[in-house]
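Structure record follows, encoded as structure tokens.
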Amino acid sequence: MKHHQHPRESGFTLVEIAIVLVVIGLLLGGVLKGQELIENAKVKSASNDISGVKTAYNAYIDRFRRLPGDDGPTLADLTARGGSWATVTAFGSNDGVLDITAANAFAPGGEEVAFWQHLRAAGFIAGNPGDAGLAALPRNAFNGSTAVAVNTLAVTGMPPNLSTCMGQVPGKAARQLDAQMDDGNPSTGSFRATLGVMSTNTAPGAAAANYSDDQQYTVCVAI
């Protein structure tokens, strides 16, 4: 009698399937962890940039006894300083008041272009002192712009003061920044958040009631 050898059935064993699932889990965990690290790095960069603007602002006042952006009152007064100052194109009225409204924070008007040009010419922040218009505004870690504006109670609910603002900040990052730098509430304290239009640098306005991970915000921090 002949014995017929049956072909071995192919397929994964339970052990092999378990190993594959473990590997997939590790890969997914690594991807999620990597995304978290990237998000945290962006938040840290934004926090450092906000603090850096405040430091540069105060250092400029210490050195020149004038406000960056308000320094002037003629262009010649600035370009005569030589070096990087020779490329500056904007100047202020030197009246001790920064003319930068919240409405034109991301649509540079008043003395905002001068503000960034003067800080760069003085060497307090990086960049080309000759950049003008929208190009004068630094980019933030979330691919939006960084601006400064004089806030009012009618706009963000904060007392009148100069603030550093960042546009296009994701909700999760805005919440984290607020918690780190203030009280975690978008409508109280020295850190305020305005609900923004997606992928747009929205001018600072009424403070949001809460944060949503599905939205983007313009955040402003008092200097």
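Below are the figures for this structure:
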| item | result |
| --- | --- |
| Verdict on A80 being farther than 29 Å from T194 by Cα, buried (at least 16 other Cβ atoms within 10 Å of the Cβ) and not hydroxyl-bearing (S, T, Y) | no |
| Selection from the stretch 164-199 of residues that are small (G, A, S) and either at pLDDT 95 or above or out of contact with any strand residue (DSSP E or B) (no Cβ under 6 Å at 6 or more places or on another chain) (or both) | G167, G171, A173, A174, A179, G184, S187, G189, A193, G196, S199 |
| Filter result for A107 (among the hydrophobic types (A, V, I, L, M, F, W, C), at pLDDT below 95, within 30 Å of Q176 (Cα to Cα) and part of a helix (DSSP H, G or I)) | no |
| Every residue from the stretch 33-63 that is among the hydrophobic types (A, V, I, L, M, F, W, C), loosely packed, with under 14 Cβ neighbours inside 10 Å and over 24 Å from Q168 (Cα atoms) | I61 |
| Complete set of residues in the stretch 202-223 that are of a type in the set (S, T, N, Q), part of a loop (DSSP other than H, G, I, E, B) and either surrounded by 23 or more Cβ atoms within 10 Å (Cβ to Cβ) or free of Cβ contacts under 8 Å to residues at least 40 places away in the same chain (or both) | N210 |
| Residue that is farthest from the chain's Cα centre (by Cα), among those in the stretch 110-130 that are assigned to a loop (DSSP other than H, G, I, E, B) and of a type in the set (A, V, I, L, M) | A122 |
| Test for D178: is it free of Cβ contacts under 8 Å to residues at least 24 places away in the same chain and farther than 23 Å from E111 by Cα | no |
| Contacts under 8 angstrom Cβ, first residue in the stretch 40-61 being farther than 14 Å from C220 by Cβ, partner among the aromatic types (F, W, Y), 6 or more apart | K42/F142; T55/F124; A56/F124; A59/F124; Y60/F124 |
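Quick grid of which residues meet (1) in contact with a helix residue (DSSP H, G or I) (Cβ under 9 Å, 6 or more places away or on another chain); (2) farther than 18 Å from K44 by Cα:
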residue: P159; (1), (2): no, yes
residue: L162; (1), (2): yes, yes
residue: M166; (1), (2): yes, no
residue: D178; (1), (2): no, no
residue: N185; (1), (2): yes, yes
residue: A193; (1), (2): yes, no
residue: A207; (1), (2): no, yes
residue: D214; (1), (2): yes, yes
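The values are calculated or read from the model by the stated rules, or taken from the named source; none is laboratory data. As the structure is a prediction and not an experimental result, all values here were calculated from the model. Please note: Cβ atoms are built from the backbone with ideal geometry, for glycine as well, and neighbour counts cover all protein chains shown.
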